[in-house]
Amino acid sequence: MTLTVLMNAGPWLSVPPPGYGGIENVVATLVPELRRLGVRVVLASVESSTLPVDERISVFPDGQFHALQRPYNQVCGVAQAHLHGVVRALRARDDIDLVHDHVEAVGLATMAALGPDAPPALHTLHWDLAKHPELYGNLDGGGRVHVNGVSAAQLARAPRALREHSVGHVHLSTPLAVGADRRPAVAKGEHVVILGRINPGKGQDLGARLARQVGFPLVLAGPVGPYHRPEELAAAGDEARQNPDVRFFHDHVAPHVDGDLVRWVGTVAGRERDDLVAGARASLFPLRWEEPGGTAVVESLALGTPVVATARGCLPELVEHGRTGLLTADEEELGDLVLAAGLLDEDECRREAAVRFTPELMAQRYVELYQRVRRLAARSLQPA
Ligand code: UDP
């Protein structure tokens, strides 16, 4: 029997994303594999998404990422409008076997609110589960709505009510992992890279300070709030400081960015991103939060670049200390570990990715979870 899945990627970015976009990258990686396994995919995203699917649903013409960090009273309608479109589509048809939802908080709440006639739903938790304690602490999915994490460490921190809805975790994957063990080594440069949105949790301020103290060249790549290019941020002026990540950048990161030893290059995409990471001596993750899934960690391994990181969140699950990276609980030690990372074998990193983080493996695991969620939902509908 063919399974039809409504994949709800949300309204924030197109799929695949133009550059930055953790969740959208995961969806773009998962969907082709699911379709190869015979799953029909109806994608709920924005009109500008180009990922090949069987059908599409959209409310917005393009990604609403620019609005994401606006004050709540300006932004709260965006995700709801998107979900409204999804619910309308679900009401109008009866061929959806399961909804796979990726929209933070409101996706979960909407699926739970739909009642027993709606299809079962699997909601993937892509974020830190210390967030939304009001929702996660009181969740009632009616036996129809279940969740999965993106690492075991992430789920271990979940409130009990949320854990009771969990069907386990699925590690993130990257298309770069396919054949990574057969890809020839790339000549390494001197630089270290931090790839990710610039944000206190990702710790670019710490990385930049250590780069100057210890003396290694550091490239920061990723957006600052909604700004992808240094020129865009400069042109935005003082008004941009309303955005917390812009304030963080100006106050804590920019003082270390000298354009020489420490550079911020904005968002990088495609080949440019892959070359930047593959040519780096190490990828640095000076985390100040419990990184839930670590797409960029997995990508770094697939590109043959060892990971140097604070041992928080999913890092100890993804990286083996002394083999594919170096981890520490002491953030001040990170600078020395960056210098030591050159001793690690980049082939080990690529091999690890090719074995553990392929799209095929992720899709197989999700199909298992879809079946499990459908069985659980069917059981909950049976009369006692
Ligand atoms: N990314 C990118 N260009 C950038 C910065 C990030 O393409 O300049 C991508 C990165 O490769 C990864 C995603 O954005 O696929 C970030 O995902 P991650 O899970 O690491 O971080 P988060 O979702 O927490 O922002």
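For segment 168-191, a tally of residues being in a strand (DSSP E or B) and within 15 Å of the ligand (Cβ to nearest atom) returns 1. Do you know which residues across segment 253-270 are modelled with pLDDT of 95 or more, assigned to a helix (DSSP H, G or I) and either within 24 Å of the chain's Cα centre (by Cα) or within 16 Å of V192 (Cα to Cα) (or both)? The answer is V253, H256.
Within the set of pairs 6+ apart or on separate chains, which have a first residue in segment 315-331 that is within 14 Å of A296 (Cα to Cα) and at pLDDT 95 or above, a second that is open to solvent by less than 50 Å² (accessible area, probe 1.4 Å) and among the aromatic types (F, W, Y), and C-beta atoms under 7 Å apart? Short answer, once both residue conditions are applied: L315/F285.
Could you grab me the full set of residues in segment 202-231 that are surrounded by fewer than 16 Cβ atoms within 10 Å (Cβ to Cβ) and either free of Cβ contacts under 8 Å to residues at least 24 places away in the same chain or under 18 Å from the mean Cα position of the chain (by Cα) (or both)? Result: E231, single match.
For segment 143-167, residues that are in a loop (DSSP other than H, G, I, E, B), more than 16 Å from the ligand (Cβ to nearest atom) and surrounded by 18 or more Cβ atoms within 10 Å (Cβ to Cβ) total 3.
Checked against (1) in contact with a Pro (Cβ under 8 Å, 6 or more places away or on another chain); (2) within 24 Å of Y20 (Cβ to Cβ), V53 passes all but a single condition, namely (1). Each residue in segment 1-60 was checked for being among the charged types (D, E, K, R), under 27 Å from R197 (Cβ atoms) and in a strand (DSSP E or B), and 1 pass.
Checking each residue in segment 154-181 for being free of Cβ contacts under 8 Å to residues at least 40 places away in the same chain and either farther than 27 Å from L129 by Cα or touching a His at 6+ places or on another chain (Cβ under 6 Å) (or both) picks out L155, H165.
Residues that are within 16 Å of the ligand (Cβ to nearest atom), touching a residue at least 24 places away in the same chain (Cβ under 8 Å) and under 18 Å from V150 (Cβ atoms): does segment 31-40 have at least one? Checking segment 31-40: at least one residue is within 16 Å of the ligand (Cβ to nearest atom), touching a residue at least 24 places away in the same chain (Cβ under 8 Å) and under 18 Å from V150 (Cβ atoms).
The values are calculated or read from the model by the stated rules, or taken from the named source; none is laboratory data. Computed from a prediction, not measured in an experiment: that's the story for all the values here. We place every Cβ from the backbone using ideal geometry, glycine too, and count neighbours over all the protein chains shown. Side chains are part of the model used for accessible areas, which takes the heavy atoms of the whole protein and leaves out ligands, DNA and RNA. Shrake-Rupley method; radii C 1.70, N 1.55, O 1.52, S 1.80 Å.
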